[in-house]
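Below is one structure, written out as structure tokens, with a few remarks after it.
The values are calculated or read from the model by the stated rules, or taken from the named source; none is laboratory data. All values reported here derive from a predicted model rather than from experimental measurement. Because the Cβ atoms are built from the backbone with ideal geometry, glycine has one as well, and the counts that use them run over all protein chains shown. Surface areas here come from the heavy atoms of the whole protein model, side chains and all, with no ligands, DNA or RNA. Shrake-Rupley method; radii C 1.70, N 1.55, O 1.52, S 1.80 Å.
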Amino acid sequence: MATNGTRPLLLRGGHVIDPSTGQDGTADVLLVGGQVEAVGTGFGTPDDAEVLDVSGLVVAPGLIDVHVHLREPGGEHKETIATGARAALAGGFTAVCAMPNTDPPIDDPAAVGFVRAEGRRAGFARVYPTGTVSLGMKGERLTLIGEMAEAGAVAITDDGRPVADAGLMRLALEYARTFGIPVAQHCEDHSLSAGGSMNEGIVSTRLGIRGIPNASEDVVIARDLLLAELTGGRLHIQHVSTRAGVAMIRDAKARGVSVTAEGTPHHFTLTDEACEQYRTEAKVNPPLRRPEDRAAVIEGVGDGTLDVIATDHAPHHYDEKEQAFEDAPFGLVGLETALGVAVTQLVEKKVLTLAQLIERMSCAPARAFSLPGGTLRRGSIADVTVFDPAREWTVDRTRFLSKSRNTPFEGMTLRGAPEMTIVDGSVRWRRNA
Amino acid sequence: MNPAATPLGKDLIGLERLTAEQIRGILDTADPFKEISERAIKKVPVLRGKTIVNLFFEASTRTRISFEFAEKRLSADTVNIASTGSSVQKGETLVDTARNLEAMRIDMVVIRHGSSGAAQFLAERIPSNVVNAGDGRHEHPTQALLDMLTLRDHLGRIEGLRVCIVGDVLHSRVARSNIWGLTKLGAEVAVCAPRTLLPIGVEELGVQVFDRIEEAIEWADALNVLRLQLERMQAGFIPSLREYNRVFGVTRERIERAPRDLLILHPGPMNRGVEIDSDVADGPQSVILNQVTNGVAVRMAVLYLLAGGAPDRAEAAKAEG
């Protein structure tokens, strides 16, 4: 079903929303030679163009997820670069940033090149590698950040773990400035969260599960905002889950600190009550928190404090989640539910307009990680997501293209679904009837 | 028989999900069962033909033996599996263990596990009745039931009693089960411990918190003194055992200042001279050994009820066969 990218593609009559240009209305989009050729009406169409009628659907710059775990190398039973990139297409994402906490970790230029090459070979969504901050993710010495950036790493992060040492984090922020890439941080103080499996609160007390307090995230957010201010480096705070975290980021932005931040669909949808009955699908790090934290994440996504919606797609094989709660790994899959969850929780509830949603899921991620895309401006890459904001569907994990099924959204009825995902001017995924 | 149709449902996971009526039903059933242990031939055929597996992933001598006595006195066939030397040590997952047991056509599983939720995990995956003999920091329902039976024996009631749980509430499954059970039966419950050993939001479980043991003693009708696991000191939750004894220890001097007779319970094993002094543990107010005796009766009651028995038929069941 994939069209030939060399043939021009005309998307006719869709509701084109491109926050980067302010476009928001019915228009045609012409993609030629892997680039956006024209957006509007009345322009000439090449004779050999393939014409697709997308009336009634939203046409947006391709969605970008800056936070996914593709598990290759080392965890291919959970996901591979190819299966993850295919799941991304099915979720409406034209590009994803692969986290480097694989086994072995992506901590040198060759490993970065491997991820990039496998992503290209797969030919699904674009796969942008990231590299680790520290060698072996040991938190001791910086990696070859410059060479990794040259090999294609779009950010550095020890995600899965925090950079615990403040001095090393300072160096990373300073050093990465040279290469114009952000340092993405998983904010967690292990001395405060040690051994915890869910949010610390009345639910963890009742279940008898060791808890992770908000403070374990907040102290690192506070520290890193100060370090970003000190160094002028680009800080990207991943998966913010706490009320205080959102407030501190808001204040830092007002002071002019160079910081971007993520809100995830699970943190703006669920609370720690999802862990009741010891449901391991809801075990995620940072943990699902209290209703007031969830409200703060929604507010943060709403006012742009959390610029980016990212999934933290973390696939695990079913038997790894089929354990007692404290023994199961952290993480949930998010690529194929993100758009529906976001439309349902944010657009339907009037937290965001559709244009603002596209800003959070496409334009802002592209800016935060300096990626091509996130726009339909003439001459930009021809990555486009076509989705139906009104389509109602029920999450059925047996239909996921991801290798893993660990979702807490199973059975949830959502509104909003991708219809067509176009990368480099060719339709790489399309909904079956 | 439909297992869910028993007075307790299919499983006994914890007291949080039982009603006051169900809890009273267990205690009322345990009462007549106490007498079986006083007989010359301590055996009735209530569970004859039933196969029970005691699955202990964590070392626990007294709980395991108490269950085993209960099972044998009810004439069940029992098998003990400990994690040491079993397939569990070879990396077999809990779900695989469960499936293998099920394939051997057993009727009940008594499980002790270091992870909270392990008993429920098992109960959701096998049709056998599952009894939680302690899961992580979550619940230890039969211990709380035997505590309540002992309180009722000695004080004649649960309702209106003031019971203070003293010690490491944070890591204690016994504390959680006691809090659920006692509050459901109308007792007032308090906890007393250094704040490092109290879980966040414990007040929201309907208990009051005492920072000083003297205040707890002043308030309470009974103290349930928890074992202080010595590794908590190494983990930094308390600075030293000596300091713990000086600040929170249940000592004779403190007990003597109580305004009323105080019942002293302890789930054992005790650290004498740490959380409790010997002359309190062995003193006239201590009912620690009565707890052990009642433990067997309570476990017999639970097994009998899960097998489809009813509290009002317990007396008759003893005479059958």
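Some points to look at:
- Residue in the range B:36-44 that is among the polar types (S, T, N, Q), surrounded by fewer than 16 Cβ atoms within 10 Å (Cβ to Cβ) and more than 18 Å from B:ALA317 (Cβ to Cβ) present: no
- Selection within the range B:94-122 - crowded, with 19+ Cβ neighbours inside 10 Å and of a type in the set (D, E, K, R): B:ASP107, B:ARG112
- Qualifying positions in the range B:108-121 - at the interface with chain A (Cβ under 9 Å from one of its Cβ atoms) and under 14 Å from B:SER83 (Cβ atoms): B:HIS113, B:GLY114, B:SER115, B:ALA118
- Residues that are in contact (Cβ under 8 Å) with a residue 60 or more places away in the chain, farther than 21 Å from A:ALA417 by Cβ and in contact with a helix residue (DSSP H, G or I) (Cβ under 7 Å, 6 or more places away or on another chain) do not occur anywhere in the range A:31-47.
- Here B:GLN120 meets the list (1) free of Cβ contacts under 8 Å to residues at least 12 places away in the same chain; (2) in a helix (DSSP H, G or I) almost entirely, failing just condition (1).
- Subset of the range A:147-181 (residues that are within 16 Å of A:ALA368 (Cα to Cα), open to solvent by less than 70 Å² (accessible area, probe 1.4 Å) and in a helix (DSSP H, G or I)): A:ALA149, A:LEU173, A:ALA176
- Within the range A:103-129, being under 18 Å from A:GLY74 (Cβ atoms), in contact with a helix residue (DSSP H, G or I) (Cβ under 8 Å, 6 or more places away or on another chain) and assigned to a loop (DSSP other than H, G, I, E, B) holds for A:PRO104, A:PRO105, A:ILE106, A:ASP107, A:ASP108.
- The range A:354-371 - residue that is surrounded by fewer than 20 Cβ atoms within 10 Å (Cβ to Cβ) and touching a Gly at 6+ places or on another chain (Cβ under 7 Å) and, of those, farthest from A:THR260 (Cα to Cα): A:SER370
- Residue list for the range B:12-31, filter: assigned to a helix (DSSP H, G or I) and either over 28 Å from B:ARG173 (Cβ atoms) or among the polar types (S, T, N, Q) (or both): B:GLN22, B:THR29
- The residues in the range B:88-107 that are hydrophobic (A, V, I, L, M, F, W, C) and more than 11 Å from chain A (Cβ to nearest Cβ) can be counted, and the count is 5.
- Restricting attention to the range A:397-413, the residues being crowded, with 17+ Cβ neighbours inside 10 Å and not in a loop (DSSP other than H, G, I, E, B) number 1.
- For A:THR94, the conditions (1) among the β-branched types (Val, Ile, Thr); (2) part of a loop (DSSP other than H, G, I, E, B); (3) crowded, with 20+ Cβ neighbours inside 10 Å all hold with the exception of (2).
- Matching residues in the range A:43-63 - criterion: being open to solvent by 10 Å² or more (accessible area, probe 1.4 Å) and in a loop (DSSP other than H, G, I, E, B): A:PHE43, A:GLY44, A:THR45, A:PRO46, A:ASP47, A:ASP48, A:ALA49, A:SER55, A:GLY56, A:LEU57
- When the range A:293-331 is filtered for residues that are away from chain B (no Cβ under 14 Å) and in contact with a helix residue (DSSP H, G or I) (Cβ under 6 Å, 6 or more places away or on another chain), the ones remaining, listed by number, are A:ASP293, A:ALA296, A:GLY300, A:THR305, A:LEU306, A:ASP307, A:VAL308, A:ILE309, A:THR311.
- Filtering the range A:197-211 to residues that are open to solvent by less than 10 Å² (accessible area, probe 1.4 Å) and outside any helix (DSSP H, G or I) leaves A:SER197, A:MET198, A:ASN199, A:GLY201, A:GLY208, A:ILE209.
- The set of residues in the range A:217-228 being touching a residue at least 60 places away in the same chain (Cβ under 8 Å) and under 30 Å from A:TYR278 (Cβ atoms) consists of A:GLU217 alone.
- Here A:GLY416, A:GLY374 are screened, and the one residue that is surrounded by 16 or more Cβ atoms within 10 Å (Cβ to Cβ), at positive phi and part of a strand (DSSP E or B) is A:GLY416.
- Condition broken by B:VAL191, with the remaining ones in (1) modelled with pLDDT of 95 or more; (2) surrounded by fewer than 18 Cβ atoms within 10 Å (Cβ to Cβ) satisfied: (2)
- The listed residues are B:VAL174, B:VAL189, B:VAL166, and the only one of them that is within 17 Å of B:HIS266 (Cβ to Cβ), touching a residue at least 40 places away in the same chain (Cβ under 8 Å) and more than 14 Å from chain A (Cβ to nearest Cβ) turns out to be B:VAL166.
- Failed criterion for A:SER216 (all others in (1) open to solvent by 10 Å² or more (accessible area, probe 1.4 Å); (2) within 14 Å of chain B (Cβ to nearest Cβ) hold): (1)
- Residue that is closer than 24 Å to A:VAL39 by Cβ, modelled with pLDDT of 95 or more and of a type outside the set (Ser, Thr, Tyr), where the choices are A:PRO365, A:PRO329: A:PRO365
- Set side by side, the residues A:PRO73, A:PRO100, A:PRO109 differ, and just one is out of contact with any Leu (no Cβ under 9 Å at 6 or more places or on another chain) and under 23 Å from A:GLY180 (Cα atoms), which is A:PRO100.
- Look at (1) farther than 30 Å from B:LEU262 by Cα; (2) open to solvent by 10 Å² or more (accessible area, probe 1.4 Å); (3) within 15 Å of the chain's Cα centre (by Cα) and you find that B:VAL131 fails only one, number (2).
- The range B:124-153, residues that are farther than 15 Å from B:GLY295 by Cβ and away from chain A (no Cβ under 14 Å): B:PRO127, B:SER128, B:ASN129
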